[in-house]
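Some notes on the structure that comes next.
Read-outs throughout are calculated quantities, based only on the coordinates presented, and are distinct from any laboratory measurement. Since the structure is predicted, the reported quantities are computational estimates derived from the model, not experimental observations. With ideal geometry, Cβ positions are generated from the backbone for all residues, glycine too; neighbour counts draw on all protein chains shown.
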Amino acid sequence: MLSTLRVNNFAIIDELEIDFKSGMTTLTGETGAGKSIILGALKLVLGERADLKTLKNEKEKCIIEAIFNIKELELQAFFEEHDLDYEDESILRRELLPSGKSRAFINDTPVKVSILHELSELLIDIHSQFNTPKIFEADFQLSMLDIYGDNKELLKEYKAVFLNYIAIKKKIKEAQNSLENQSQDLEYKLHLWEELNNASLRIGELETLESEIKSLSNVEEIISTLNETYQFLEHPEVGIVSQLNEASNIELQIFRMNTNLFMIV
């Protein structure tokens, strides 16, 4: 039940506070008196989209608070789910800043507007012109049946059993996931054991393998160095092999000349 609505700096309203009593409350007045504005302020605090144009004084922020008596609504689970402080009289607050930013609070805890809107649907129904009433929605119809059928205690028992069912189902799922992970881990470890067993490792082999790995990791650098050395030795102009071949040819020519000279003499 909505017990109090406070409005500051909204549309034509400087400051307003309305206390609602149990039973029916009627707001009457001429066109332009502010009936729709009060309804608009209520919609804003319930999570409707904010508009900077609604600020009466554009240099000050707009604050709207709605106090609800929720003692009989069994909403503790909602507050626990969203990590909110539960109060039998809970305060919903919406602030619209001159910068255009909007902030929402439930019992002084900052929340997303979506959470504020979600809670408001559990607190109040607003049926205005051109809006589709919730009476055509299945959930609303079921809730009305439960209310007229006086099923409060039955629903409470059902919710407790259902929550217990969800908790058990979650534990079963976690156990299944744990078993699956353990099975995969066992399979992987068996694969490693088979690989190690087939490797037939010997004592001291690790150092040898590490040395081979180190050598193989430098194989490209070794090949490159050998290629450079080969090019240096085989170069047609400055290569050592080429120079040795040329020296050998000159020595052979000298030998032949000396042999011919000896035969002539």
Just tell me which lysines come within less than 19 Å, Cα to Cα, of Lys21; anything on the same chain fewer than 8 places away is out. Lys35, Lys71
Starting from the Cα of Lys43, step 7 Å along the direction of its Cβ; do the same at Leu97; then give the gap between the two resulting points in nm. 2.5
Once amide H atoms are built 1.01 Å from N in the peptide plane, which residues 5 or more positions from Ser3, or in another chain, come under 5 Å H to H? Ile67, Phe68, Asn69
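Based on Cβ point charges of +1 for Lys and Arg and -1 for Asp and Glu, what charge dipole magnitude is obtained for the range 1-112 about its Cα centre, in debye rounded to the nearest 20? Could you put the intermediate results ahead of the total?
On the way: 15 positive and 21 negative charges, 140 e Å.
Dipole magnitude for the range 1-112 comes out near 680 debye.
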Is the range 137-176 best put as rounded, prolate or oblate by its Cα gyration tensor, with a ≥ b ≥ c the root eigenvalues, rounded for a/c under 1.5, and otherwise prolate when a/b is larger than b/c, oblate when not? oblate
Between Leu52 and Thr28, what is 0.36 nm times their sequence separation minus the Cα-Cα distance? Round to one decimal in nm. 5.9 nm
Multiplying the sequence separation of Asp139 and Asp88 by 0.36 nm and subtracting their Cα-Cα distance, what value in nm do you get? 15.9 nm
Within straight cross-link reach of Lys189, meaning Cα distance under 15 Å, which aspartates and glutamates are found once same-chain residues fewer than 8 apart are removed? Glu180
The aspartates and glutamates whose Cα lies under 17 Å from the Cα of Lys159, excluding any fewer than 8 residues away in the same chain, are Glu72, Glu74, Glu80, Glu81, Asp139, Asp146, Asp150
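For Leu186 and Ser211, what is the calculated FRET efficiency with R₀ set at 35 Å and r taken between the beta-carbons, to the nearest 0.05? Please report the intermediate quantities before stating the final value.
On the way: r = 35 Å, r/R0 = 0.99.
Efficiency, from the Cβ-Cβ distance: 0.50.
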Using modelled amide H (1.01 Å from N, peptide plane; none on Pro or chain starts), what sits under 5 Å from the amide H of Glu48, excluding residues fewer than 5 places away? none
Rg followed by Dmax, in Å, when the range 119-205 is reduced to its Cα trace: 28.6, 88
Apply the Debye scattering formula to the range 1-114, with a single equal point scatterer on each alpha-carbon and no solvent, then give log10 I(q)/I(0) at q = 0.12 Å⁻¹. -0.45
Using amide H atoms built in the peptide plane, which far-off residues or other-chain residues are under 5 Å from Val111 H to H? Ala104, Phe105, Ile106
